[in-house]
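Notes for the one structure printed next.
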Amino acid sequence: MIGALIIEQDPVVEEKFQTYSPLVKEKLIYLRQLIITTATEDENITHLEETLKWGEPSYLVKKGSTIRMDWKAKTPEQYAIYFKCTSKLVPTFKAIYGDLFQYEKTRAILFQLEEDIPEEALKDCISLALNYHRLKHLPLLGKKH
């Protein structure tokens, strides 16, 4: 049974989405929807906060690690979903998914604007981040390699 998810939205996030080009906005809204869908499907999550951190749309849950996303003018053909760089998240994603994703060190998964995203694998990564503090003591955050 999927519980009701309460989403606390800061209006400045919508304002931030309006600053992106139509294509970038579409891609980031897609990531946003994946995060919300993943949180909704998780019985451990009842409250999701959407806010800006470092000027980037960010998603926080109790017992989770913050997820951020953004597009940068210095790399105009890509956008990224960011994770806390000192966490085990990105190293775990690399161990599980190898080169399915492009990574930026221990902080991000990078996407090219024209690429198709492996949705189920990304939802799994999002789920691990949303449950990080419940899982961080487990090898591979509880996933089988």
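Read-outs: derived from the displayed coordinates by stated rules, not from any lab. Small disclaimer: the values here were computed from a predicted structure and weren't measured. Here Cβ is always computed from backbone atoms with ideal geometry, including for glycine, and neighbour counts include all displayed protein chains.
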Can you pull out the GluC sites (Glu not before Pro) in region 23-93 whose DSSP state is coil and whose Cβ has at most 12 other Cβ atoms within 10 Å?
E43, E77
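With charges only on Cβ, +1 for K and R and -1 for D and E, what is the dipole size of region 6-133 about its Cα centre, in debye, rounded to 20? If you can, show how the numbers build up before the last one.
Numbers: 16 positive and 21 negative charges, 134 e Å.
Computed about the Cα centre, the dipole is about 640 debye.
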Applying the Karplus parametrisation 6.51 cos²θ - 1.76 cosθ + 1.60 with θ = phi - 60° to the phi angles of region 100-117, what ³J(HN,Hα) value in whole Hz is obtained for each residue in order, glycine and proline being reported as x?
4, 10, 9, 10, 10, 6, 10, 10, 7, 10, 9, 10, 7, 4, 8, 8, 7, 8
Which one of C125, T38, P22 has its Cα pushed farthest toward the positive end of the charge dipole of region 6-133, where Lys and Arg give +1 and Asp and Glu give -1 at the Cβ?
C125
Using a Gaussian network model of the chain whose springs link C-alpha atoms within less than 10 Å, name the residue from I29, I109, I67 with the highest mean-square fluctuation.
I29
Check which residues have an amide H placed less than 5 Å from K53's amide H, if you skip close sequence neighbours.
S58
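Going through region 85-145, which GluC sites (Glu not before Pro) have at most 10 other Cβ atoms within 10 Å and a DSSP loop state? Write down the numbers at each step before the final one.
Numbers: sites: E104, E114, E115, E119, E120; in loops: E114, E115.
Within region 85-145, the qualifying GluC sites (Glu not before Pro) (loop, at most 10 other Cβ atoms within 10 Å) are E114.
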Under 5 Å, built H, 5+ apart or other chain: amide partners of L48
I6, I7, E8
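Summing +1 for each Lys or Arg and -1 for each Asp or Glu, what net charge is found among the other residues whose Cβ lies under 12 Å from the Cβ of L52?
Values: positive: K16, K53, R68; negative: D10, E14, E15, E49, E50, E56, D70.
Summing Lys/Arg as +1 and Asp/Glu as -1 gives -4.
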Result row for the chain, helices from DSSP H with C-alpha axial extent 24 Å or more and mean Kyte hydropathy at least -1.0, is 22-40
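With +1 on each Lys and Arg Cβ and -1 on each Asp and Glu Cβ, how big is the dipole of region 70-111 about its Cα centre, in debye rounded to the nearest 20? Could the numbers behind the result be given before it?
Working: 7 positive and 4 negative charges, 47 e Å.
Charge dipole of region 70-111: 220 debye, to the nearest 20.
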Collect residues whose amide H, placed 1.01 Å from N in the peptide plane, falls under 5 Å from the amide H of M69; neighbours closer than 5 in sequence don't count.
Y82
Within the set D42, D99, D70, GNM on the chain using Cα springs under 10 Å gives the largest fluctuation to D99
